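S.K.: Structure incoming, see below.
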């Protein structure tokens, strides 16, 4: 299995874990051909600081069960934007207003991305 394929599988696993805590608007962005720091972003929304923390907690628990620990975790104190750096996959869990403000999907709109609800197809928005 190639590193990119493993990263894709990790991104899907993280999206599944986020959905288990009712994360909203889960989007996966394929950055593999655009940047060197990571292969995928998983971006999702929580309704409140408690919801953002809960989503991150579930992702951490699920990854820990398969032997993966995020390299870094940021933003849980205020939980308007939490970031989990899992190496090949970086997870962004936003509250709705913060997600709209930073609009990462627009920033990376030229790259392939897909909604987790339709994760079987990667949709190229270029």
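What follows draws every value from the coordinates through simple rules; no lab data is involved. Being a predicted model, the structure only gives us computed values, none of them experimental.
S.K.: By the gyration tensor of its Cα atoms, with a ≥ b ≥ c the square roots of the eigenvalues, what is the shape of the chain: rounded for a/c under 1.5, prolate for a/b over b/c, or oblate?
M.R.: Oblate, because a/c is 1.5 or more while a/b does not exceed b/c.
S.K.: With springs connecting C-alpha atoms under 10 Å apart, model the chain as a Gaussian network and identify which of 33, 49, 85 has the largest mean-square fluctuation.
M.R.: The residue that fluctuates most here is 33.
S.K.: Return a whole-number percent for the relative contact order of the chain, with Cα pairs under 8 Å and 6 or more residues apart as the contact set.
M.R.: Relative contact order for the chain comes out at 26 percent.
S.K.: Let me ask another. Springs between alpha-carbon pairs under 10 angstrom, Gaussian network model over the chain: which of 77, 16, 105 fluctuates most?
M.R.: 77
S.K.: Identify which of 93, 50, 42 has the largest mean-square fluctuation in a Gaussian network model of the chain, with springs joining Cα atoms closer than 10 Å.
M.R.: Ranking 93, 50, 42 by mean-square fluctuation puts 50 first.
S.K.: Restricting to the range 3-112, compute how many DSSP beta bridges are antiparallel as a %, nearest 5.
M.R.: Percentage antiparallel, nearest 5: 65.
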